[in-house]
Amino acid sequence: MKAPLSRYEETDFDLDEQQRQFAEDVAYGLSQPEKRLPCKYIYDDVGSELFSRIMELPEYYPTQCEMEIFDTHKSDLAKIFGHTGFNIVELGAGDGQKTRVLIDELLDRTCDFTYVPLDISEAAVNGISDRFADDFPKLSINGIVSDYFEGLRWLADQNHCRNIVLFLGSTIGNFTPQGRSVFLKNLRRSINTGDLVLIGFDMVKEIDTIVRAYNDSQGVTAAFNQNILRRINSELDADFDLDNFIYYSTWDAVSRAIRSYQVSCCRQEVYVGKIGQTFEFEPWEAVHTESSHKFNEEQIATLADRNGFAIEACYTDADQYYTDCLWRAK
């Protein structure tokens, strides 16, 4: 449980619920002996645009591998999904680049299904819904603006068709081990027995290949990671000097994860106006911003079993860098 932050709580700022949560998380994270910021705050419109650029980089293999998997196995997936009576529910759809491969296959087979983008961001849901409506005039779309689990529970309560949940892009790797288990348990509780989940895992592999993916030569990943500081400046009236921080990422062989940081280049203070608090940074002090865990087959099998799922199938790219696993809710 988070300790109370009396200075923040006594400050009277006009913040909506999301801004207040953002402020609380920033205040808590920057007050810790080892400073940290939740990686979810990297993603606003600017962050999403930068991540779209990352996915096109030659060093960033996960998107290329997942696209290969969808291109190669779309027919197999379509056969498992069936011909009628199901929803394709995508959590955090993004630009839908990979999903459109699957949708195109399902429509070619004249399958009767509904595409359900689900996200807490109304702009994200509307954006993907509008794009897919233009690209696929015959596609039935039912966007839901909601917390993932609330939206899934609402769909499950309708109880008129099976839900097939897509959680792509190895987002599961950004959770801590404990957070990962909590997420998967909540996911299982939010869907019906027999529902399917297609979930992406970035696999353990040759270390240099992983490191290059998070240290691209164009510096796009560095800009993406630093976007969290820009957001704090913009939305919480902070005065981070972005030139005084550098991006650093490294492979942690024990946790089998890339760990990314913003590192202070000098002794400095940063004032966050909407928190009403100043935070001190020592020279070369690191602020942890993101972890990207990598997996092996045994870990994936254990995650499925411990959290109420059975593995139906696993699909990999030719290099076995990446896996999309199809789980059935037991």
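The values are calculated or read from the model by the stated rules, or taken from the named source; none is laboratory data. Just so it is clear, the structure is predicted and the values come from calculations on it, not from any experiment. FYI the Cβ positions are ideal-geometry reconstructions off the backbone, even for glycines, and counts take in every protein chain you see.
If LEU139 passes every condition in (1) surrounded by 18 or more Cβ atoms within 10 Å (Cβ to Cβ); (2) under 21 Å from ILE300 (Cβ atoms) but one, which one does it miss?
Among (1) surrounded by 18 or more Cβ atoms within 10 Å (Cβ to Cβ); (2) under 21 Å from ILE300 (Cβ atoms), the lone unmet condition for LEU139 is (2).
If you scan segment 285-330, which residues turn out to be under 14 Å from VAL197 (Cβ atoms), touching a residue at least 40 places away in the same chain (Cβ under 8 Å) and assigned to a strand (DSSP E or B)? First the steps, then the outcome.
The first filter runs over segment 285-330 and keeps only residues under 14 Å from VAL197 (Cβ atoms), leaving 300, 303-305, 307-315, 323-330.
Narrowing the set further to residues that are touching a residue at least 40 places away in the same chain (Cβ under 8 Å) leaves 300, 303, 307-309, 312-313, 315, 323-330.
Passing the criteria: PHE309, GLU312, ALA313, TYR315, THR323, ASP324, CYS325, LEU326, TRP327, ARG328, ALA329.
Just checking, how many residues over segment 261-315 are closer than 30 Å to GLU235 by Cβ and crowded, with 16+ Cβ neighbours inside 10 Å? Outline the logic, then answer.
Our first condition is that a residue be closer than 30 Å to GLU235 by Cβ; within segment 261-315, this holds for 261-293.
Now narrow it down to the ones that are crowded, with 16+ Cβ neighbours inside 10 Å: 261-262, 264, 268, 270, 272, 274-277, 279, 281, 285-293.
Result for segment 261-315: 21.
For the structure I just gave you, tell me whether ASP130 is surrounded by 13 or more Cβ atoms within 10 Å (Cβ to Cβ) and closer than 23 Å to ILE103 by Cα.
Details: surrounded by 13 or more Cβ atoms within 10 Å (Cβ to Cβ): no; closer than 23 Å to ILE103 by Cα: yes.
No.
Between a residue in segment 243-256 that is free of Cβ contacts under 8 Å to residues at least 40 places away in the same chain and in a helix (DSSP H, G or I) and any residue that is surrounded by 11 or more Cβ atoms within 10 Å (Cβ to Cβ) and of a type in the set (S, T, N, Q), which pairs come within a Cβ distance under 8 Å, given they are 6 or more apart or on different chains?
ASN244/SER264; ASN244/GLN268
Just checking, does segment 132-147 include any residue being β-branched (Val, Ile, Thr), closer than 29 Å to ASP317 by Cα, touching a strand residue (DSSP E or B) at 6+ places or on another chain (Cβ under 6 Å) and modelled with pLDDT of 90 or more?
Looking for residues that are β-branched (Val, Ile, Thr), closer than 29 Å to ASP317 by Cα, touching a strand residue (DSSP E or B) at 6+ places or on another chain (Cβ under 6 Å) and modelled with pLDDT of 90 or more, one finds none in segment 132-147, hence no.
Can you tell me which residue is farthest from GLY273 (Cα to Cα) among those in segment 239-249 that are touching a Lys or Arg at 6+ places or on another chain (Cβ under 8 Å) and crowded, with 16+ Cβ neighbours inside 10 Å? It would help to see each step written out before you state the result.
Filtering segment 239-249 down to residues touching a Lys or Arg at 6+ places or on another chain (Cβ under 8 Å) leaves 240, 242, 249.
Now restrict to residues that are crowded, with 16+ Cβ neighbours inside 10 Å: 240, 249.
Values: PHE240: 11, SER249: 29 Å.
Top of the filtered list is SER249.
Out of all the residues in segment 293-317, which are in contact with a Phe, Trp or Tyr (Cβ under 7 Å, 6 or more places away or on another chain) and closer than 30 Å to TYR261 by Cβ?
PHE295, ILE300, listed by residue number.
Restricting to segment 144-167, name every residue that is closer than 20 Å to LYS330 by Cα and among the β-branched types (Val, Ile, Thr).
Across segment 144-167, the qualifying residues are ILE164, VAL165.
Name every residue in segment 137-187 that is out of contact with any Leu (no Cβ under 6 Å at 6 or more places or on another chain) and among the aromatic types (Phe, Trp, Tyr), in order of residue number.
Hits for segment 137-187 are PHE149, TRP154, PHE175, PHE183.
If the Cβ limit is 9 Å and pairs must be 6+ apart or interchain, which residue in segment 271-284 that is within 19 Å of GLN19 (Cα to Cα) and basic (Lys, Arg) pairs with which residue that is assigned to a loop (DSSP other than H, G, I, E, B) and modelled with pLDDT of 95 or more?
LYS274/ASP237
Taking ILE232 as the residue in question, decide whether it is touching a Cys at 6+ places or on another chain (Cβ under 8 Å) and either at pLDDT 95 or above or part of a strand (DSSP E or B) (or both).
Working: touching a Cys at 6+ places or on another chain (Cβ under 8 Å): no; either at pLDDT 95 or above or part of a strand (DSSP E or B) (or both): yes.
Answer is no for this residue.
Select from segment 152-168 the residues that are more than 13 Å from ARG188 (Cα to Cα) and surrounded by fewer than 21 Cβ atoms within 10 Å (Cβ to Cβ) and write down the one among them that is modelled with the lowest pLDDT.
Filtering segment 152-168 for residues that are more than 13 Å from ARG188 (Cα to Cα) and surrounded by fewer than 21 Cβ atoms within 10 Å (Cβ to Cβ), the one modelled with the lowest pLDDT comes out as ASN159.
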